[in-house]
Amino acid sequence: MSLVLVLVPANAQKKAKKFVHETVAIPQVERRVIPIETQNTSLVLLVHPNGHLETVHYGAKLSHPEQFLAKGVNTEDYNGFRGATYPATGGRYINEPALHVKYADGNHNTELYYTGHSVRYTNGCITTVIGLKDYVTALEVKLVYDAFEKENVIVSHTEILNGGKKPVQLLNYASSSLYIDADEYLLTHFYGAWATDMQMESEVLGHDMKVIESRRGTQNTQGNNPSFLLSLDTKELSETTGEVIAGALAWSGNFRLSFEKDDAHRLNILAGISPHASAYPLKAGATFVTPEMIYTWSAEGAGGASRNLHRWARNYGVYGGGQVNPTLLNSWEGAYFTFNTETLLRMMDDAAGMGLEMFVLDDGWFGNNYPRNNDDAGLGDWEVNVSKLPEGIDFLAQHAHDKGLKFGIWIEPEMVNPQSDLAHAHPEWVVQSPGREIYQGRNQWVLDLSNPAVEDFVFGIFDRTMQLAPNIDYIKWDCNRVIQSFGSPYLKAEQDRFYVEYTQGLYNVMRRIREKYPRVIVQCCSSGGGRVDYGALKYCNEVWTSDNTDALSRVYMQYAQTMIYPACIMASHVSTVPNHQTGNVTPLKFRFDIACAGRLGLELQPKYFTDQDRATVDRCIASYKQYRDLVFSGDLYRIASPFDGSYYGLMYVSPDKKRAVVYTYCIHFEPRTVGGKVFRLQGLDPACKYKVVEQNVDRSCWWGNGQAFTGDFLMGGGFDPTLYGLYSSAVFVLEAE
Ligand code: GLA
């Protein structure tokens, strides 16, 4: 063994810098309470003298939130700073963070301290903006809360500013974080697949994490919906009682909701864009604005929470929310790809004859070199197919308008078939990863909306379609596949931006559309309900609830969808039997009574109706038009859950409680010998007398039909329509006398 002796010169020893750990001094601040309030709810934030911001309450309105000022902070809490209003990775915080930043020097620590806040009032909404800062890195965060007073909804988003001199990477960048303290948390959330959209399940949360996520890029809600109900201190979802928090994220791309119950049994809810493959680069001086997270709280169970969300959605969250949209005949299930001008003219004549108000030409009208005669060609080539429709769209729209119908048309502008002129002209516009197969779904590829040139092209499709005829009244915007082999030739080495910028690109297009076409009705469709979220609904009037038009399947989907979304967006169509998706056979009246609980449409070939059918159809459409304003703007009360037994029921009540429509259904066989169902109506004025009139009947289902009853009688167990047979249904309109 040999020893090497290294002699260090004396002056070098002097130069070696001694390692010293220096800390940046954080200014102390005044302890204060920041109440964010609506008529019946308070979210209370507490600023500690050390600058920590803590969420101390979300729930019932507190008369004196300043009483929280006496609350201390547990600085010895070595399990993390629980309750942090916007927890960041670093410092004491060791749970799942809202914010995780990787700095240019490789560091991951961020600690956010309060720097100040402002409050401003605009028209029914109080906006509170809270400033937070990391003093070491100069990263800044603004928490923005919009409190909608009357609706009891709080919408929050976050703005993240890179105040440093070098770029950073955002590894987590949630829209919001919410700490809740209860003994029990029952989470109800929504999942689904093609033709089984919006299914609902509930689970009591245990310790550690429950994550609800979408990594689909597009079709973000055919899978999980970015929304939930959280019932507190109970193991059962109640429609009418108990505390329920409802949340929904306004984002049509990859999302992530996480629910982490910590060792102190507190629950932290994080909601935002999914960080999956999206370590977002933020340049020095740049700001990232997250999508909005919408929250409400109610002590009246799921029903109360839904009604709050619905009111907010109609007033602020849905484009044209609460406006009555026309009844329609859609060509899809009646004609699919096989039609010519004559087929469509006949369908329009029938639609007008039945009293419908619009005709919508679905898929199959475009493509010449690659005609759209089935789903393997033509997407991308948005010019009229001259052999199918030589007279053009203009001629069809004119015919509709002459018949007193509005005219709508289908597009799927984010997509391209490999068999199309577009795919040959612009292969670089397709979402792809170098050297890898570009997988197809429904024989199609996705266009790369993270590329501004593609944004322009997609906007151009909408714009040119609107020019196909004067007065196109309605566009059905479809999106029939998820993103796979993800990546953008345009973004080159910055693929981390892809998923986020695809969705931002989509919104840029929709924003431009709304600037130019404020009045056109837009239906958001994605293989049915694959894009049902409050991000898309800022620009779209309604959604295609599901490709599954079986009335029985719709019972469950419509029940779940209205937990979060208002009935005014719920397109609901009567189709033929046996149902094309499930093979199920249900009576025509049952199909109507289900569809009439949303925006009514028909999606079948009307020429096959018998005279008897036509009489039912005409009567159902006429009666729907009399009460549909209640569907579009009334308050929803669910009076029987389809999960609890053989019956399902719901009602919409006018805001002044003077009118209501009540829907009742039997969805499983019940023997006559057992007895009927007593529905307890809700939301009526107990003292008011209502005349109850059944709709669309040959023989009435209720002994009280045509008579007047007090609200307390109808709510107290007096309403017991006879619904013994499988798929029997009855609809009643109530009018105050
Ligand atoms: C999707 C939609 C349907 C219909 C077809 C047309 O599946 O959800 O309603 O428009 O595309 O191809």
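The values are calculated or read from the model by the stated rules, or taken from the named source; none is laboratory data. Computed from a predicted structure; not experimentally measured. Cβ sites come from the backbone with ideal geometry, for glycine too, and all protein chains shown count toward neighbours.
Determine if the range 478-487 includes at least one residue that is within 16 Å of the ligand (Cβ to nearest atom), farther than 13 Å from Ile411 by Cβ and buried (at least 22 other Cβ atoms within 10 Å of the Cβ). First the steps, then the outcome.
Keep residues of the range 478-487 that are within 16 Å of the ligand (Cβ to nearest atom), which gives 478-482.
Next cut, farther than 13 Å from Ile411 by Cβ only: 481-482.
From what's left, buried (at least 22 other Cβ atoms within 10 Å of the Cβ): 481.
Looking for residues that are within 16 Å of the ligand (Cβ to nearest atom), farther than 13 Å from Ile411 by Cβ and buried (at least 22 other Cβ atoms within 10 Å of the Cβ), one finds at least one in the range 478-487, hence yes.
Only residues that are β-branched (Val, Ile, Thr) and touching a helix residue (DSSP H, G or I) at 6+ places or on another chain (Cβ under 9 Å): list them for the range 163-220, please.
Kept after step one, since they are β-branched (Val, Ile, Thr), are these residues of the range 163-220: 168, 180, 188, 196, 204, 211-212, 218.
The answer is Thr188, Thr196, Thr218.
Just give me the residues in the range 372-426 being among the acidic types (Asp, Glu) and away from the ligand (no atom under 14 Å from the Cβ), in sequence order.
Residues of the range 372-426 among the acidic types (Asp, Glu): 375-376, 381, 383, 391, 394, 402, 412, 414, 421.
Within the range 372-426, Asp381, Glu383, Glu391, Asp394, Asp402, Asp421 qualify.
Which condition breaks for Ala397 when tested against (1) part of a helix (DSSP H, G or I); (2) closer than 17 Å to Ser575 by Cα?
(2)
Of (1) within 16 Å of the ligand (Cβ to nearest atom); (2) out of contact with any strand residue (DSSP E or B) (no Cβ under 8 Å at 6 or more places or on another chain), Gly355 satisfies all except one. Which?
It is condition (1) that Gly355 fails.
So, in the range 421-450, exactly how many residues are surrounded by fewer than 23 Cβ atoms within 10 Å (Cβ to Cβ) and part of a loop (DSSP other than H, G, I, E, B)?
Residues flagged as surrounded by fewer than 23 Cβ atoms within 10 Å (Cβ to Cβ) and part of a loop (DSSP other than H, G, I, E, B) within the range 421-450 amount to 12.
Take the residues of the range 256-284 that are charged (D, E, K, R) and part of a strand (DSSP E or B): which is surrounded by the most Cβ atoms within 10 Å (Cβ to Cβ)? Can you show your working first?
Taking the range 256-284 as the starting set, the residues that turn out to be charged (D, E, K, R) are 256, 260-263, 266, 283.
Still in the running and part of a strand (DSSP E or B): 256, 260-261, 266.
Details: Arg256: 23, Glu260: 18, Lys261: 17, Arg266: 17.
Residue satisfying both the conditions and the ranking: Arg256.
For Val386, are the conditions met, namely being outside any loop (DSSP other than H, G, I, E, B) and either surrounded by 19 or more Cβ atoms within 10 Å (Cβ to Cβ) or not acidic (Asp, Glu) (or both)? Spell out the reasoning first.
Numbers: outside any loop (DSSP other than H, G, I, E, B): no; either surrounded by 19 or more Cβ atoms within 10 Å (Cβ to Cβ) or not acidic (Asp, Glu) (or both): yes.
Considered against the rule, which asks whether it is outside any loop (DSSP other than H, G, I, E, B) and either surrounded by 19 or more Cβ atoms within 10 Å (Cβ to Cβ) or not acidic (Asp, Glu) (or both), Val386 comes out as no.
Yes or no: the range 361-378 includes at least one residue that is without any contact (Cβ under 8 Å) to a residue 24 or more places away in the chain and surrounded by fewer than 21 Cβ atoms within 10 Å (Cβ to Cβ). Walk me through how you get there before you give the answer.
Applying the first criterion (without any contact (Cβ under 8 Å) to a residue 24 or more places away in the chain) to the range 361-378 yields 366, 368, 371.
Now restrict to residues that are surrounded by fewer than 21 Cβ atoms within 10 Å (Cβ to Cβ): 368, 371.
Yes: one or more hits.
Condition (residue is more than 16 Å from the ligand (Cβ to nearest atom), of a type in the set (Phe, Trp, Tyr) and surrounded by fewer than 24 Cβ atoms within 10 Å (Cβ to Cβ)) applied to the range 522-536: is it met by at least one residue?
Checking the range 522-536: not a single residue is more than 16 Å from the ligand (Cβ to nearest atom), of a type in the set (Phe, Trp, Tyr) and surrounded by fewer than 24 Cβ atoms within 10 Å (Cβ to Cβ).
So, in the range 409-430, exactly how many residues are under 23 Å from Ser331 (Cα atoms) and aromatic (Phe, Trp, Tyr)?
Total satisfying the criteria: 1.
It is to be established whether one or more residues within the range 707-717 are among the aliphatic types (A, V, I, L, M) and touching an Asp or Glu at 6+ places or on another chain (Cβ under 9 Å).
Taking the range 707-717 and keeping what is among the aliphatic types (A, V, I, L, M), we get 708, 714-715.
Filter again for touching an Asp or Glu at 6+ places or on another chain (Cβ under 9 Å), leaving 708.
Yes, some residue in the range 707-717 is among the aliphatic types (A, V, I, L, M) and touching an Asp or Glu at 6+ places or on another chain (Cβ under 9 Å).
Exactly one condition in (1) over 21 Å from Val168 (Cβ atoms); (2) hydrophobic (A, V, I, L, M, F, W, C); (3) at pLDDT 95 or above is not met by Val101; state its number.
With (1) over 21 Å from Val168 (Cβ atoms); (2) hydrophobic (A, V, I, L, M, F, W, C); (3) at pLDDT 95 or above applied to Val101, the lone miss is (1).
From the set of residues in the range 590-624 that are part of a helix (DSSP H, G or I) and farther than 20 Å from Ser728 by Cβ, which is nearest to the ligand (Cβ to nearest atom)? Spell out the reasoning first.
Initially, the range 590-624 is screened for residues part of a helix (DSSP H, G or I), giving 590-595, 606-608, 611-624.
With the extra rule that they be farther than 20 Å from Ser728 by Cβ, the set shrinks to 606-608, 611, 614, 618, 621-622.
Working: Pro606: 18, Lys607: 20, Tyr608: 20, Asp611: 29, Arg614: 25, Asp618: 25, Ile621: 21, Ala622: 26 Å.
Here the answer is Pro606.
Kindly indicate whether Ile569 is of a type in the set (Val, Ile, Thr), closer than 23 Å to Phe407 by Cβ and surrounded by fewer than 24 Cβ atoms within 10 Å (Cβ to Cβ). Before the answer, list the steps.
On the way: of a type in the set (Val, Ile, Thr): yes; closer than 23 Å to Phe407 by Cβ: yes; surrounded by fewer than 24 Cβ atoms within 10 Å (Cβ to Cβ): no.
So Ile569 does not fit the description; no.
Which of the residues that make up the range 324-352 are touching a residue at least 60 places away in the same chain (Cβ under 8 Å), within 16 Å of the ligand (Cβ to nearest atom) and of a type in the set (A, V, I, L, M)?
Leu328, Leu329, Ala335, Met347
Counting only residues that are within 26 Å of the chain's Cα centre (by Cα) and under 16 Å from Leu491 (Cα atoms), which one in the range 451-470 is surrounded by the most Cβ atoms within 10 Å (Cβ to Cβ)?
Val454
Taking the options Arg512, Arg497, Arg519, name whichever one is out of contact with any Lys or Arg (no Cβ under 8 Å at 6 or more places or on another chain) and either within 27 Å of Asp547 (Cα to Cα) or within 16 Å of the ligand (Cβ to nearest atom) (or both).
Details: Arg512 fails: either within 27 Å of Asp547 (Cα to Cα) or within 16 Å of the ligand (Cβ to nearest atom) (or both); Arg497 fails: either within 27 Å of Asp547 (Cα to Cα) or within 16 Å of the ligand (Cβ to nearest atom) (or both).
So the residue among Arg512, Arg497, Arg519 that is out of contact with any Lys or Arg (no Cβ under 8 Å at 6 or more places or on another chain) and either within 27 Å of Asp547 (Cα to Cα) or within 16 Å of the ligand (Cβ to nearest atom) (or both) is Arg519.
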